[in-house]
Amino acid sequence: MGETTANTKKPRGRLLAAVPLIIFVALSAIFFKQLLNTDDKSAIPSALIGKQAPVFELAPLAGLNRAGKIIPGFNSTLFQGNVSIVNIWASWCVPCRLEHPIITELAEDKRIQLFGLNYKDKPENALRFLGQLGNPYERVGVDPKGQIAIDWGVYGIPETFIVGKDGSILYKHVGPISPEIVKTKIMPVIEKALVN
């Protein structure tokens with residue numbers, strides 16, 4: 001009887017000893033699959049694509065002005081009849097700093113409206129950021145608690161949205177935009193939206 005108990009414990013002990021190895025192999029396989037995945041990481045689907053932009057109103061960034069004129073905040077009614085870009089940024093966001101020159105270049109296209117949504121930032125830091133790098137935005141609204149960003153489905157900044165003339169969200173880009181992204185993704189959506 002004692003012999004049978006010893007024999008059943010040995011296979012169970014071997015199985016338990018193999019569990020960490022099995023877990024390690026499974027996690028390694030997942031890691032390498034993700035590492036070798038060449039899909040565009042910024043092409044994260046949004047439940048809002050094709051739907052109306054959320055209804056909102058954002059207060060202006062206090063103290064922001066251009067040539068002595070106060071830069072206003074913005075709201076969802078301004079999308080009607082225009083193709084708009086909404087760029088969500090913050091002074092503490094390093095990728096936001098990296099993409100800022102590209103955002104500034106986009107602002108030169110007068111066929112579109114460019115809005116900046118300042119996310120969970122201190123006003124003085126946001127003002128310093130735009131003071132150092134320049135303000136490409138027509139309007140800048142502040143979202144100090146991130147409540148409006150939640151409505152937009154934001155979960156990591158920078159994020160950039162294109163909104164059509166009818167107020168519907170046409171495109172979402174997660175992460176900093178690059179000249180290549182502008183050329184291959186953003187401008188084709190804008191060009192199509194401008195003729196519709």
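Of everything in region 70-96 that is surrounded by fewer than 16 Cβ atoms within 10 Å (Cβ to Cβ) and not in a strand (DSSP E or B), the residue that is nearest to the chain's Cα centre (by Cα) is 95. Flag not set for residue 41, criterion: in a helix (DSSP H, G or I) and either at pLDDT below 60 or on the phi < 0 side of the Ramachandran plot (or both).
Among the residues of region 107-140, those that are more than 16 Å from the chain's Cα centre (by Cα) and either under 16 Å from residue 55 (Cβ atoms) or charged (D, E, K, R) (or both) comprise 108, 109, 110, 111, 122, 124, 128, 138, 139. The residues listed here are 165, 110, 145, 120; of these, the one that is in contact (Cβ under 8 Å) with a residue 40 or more places away in the chain and among the charged types (D, E, K, R) is 165. Among the residues of region 46-69, those that are assigned to a loop (DSSP other than H, G, I, E, B), touching a residue at least 60 places away in the same chain (Cβ under 8 Å) and touching a Ser or Thr at 6+ places or on another chain (Cβ under 8 Å) comprise 50, 51, 53, 54, 56. Apart from one condition, residue 49 fits all of (1) at pLDDT 95 or above; (2) within 21 Å of residue 157 (Cβ to Cβ); the exception is (1). Within region 43-69, the set of residues being under 18 Å from the mean Cα position of the chain (by Cα) and among the basic types (Lys, Arg) comprises 51 only.
The values are calculated or read from the model by the stated rules, or taken from the named source; none is laboratory data. All values reported here derive from a predicted model rather than from experimental measurement. Glycine also receives a Cβ, built like all others from the backbone with ideal geometry; neighbour counts cover every protein chain displayed.
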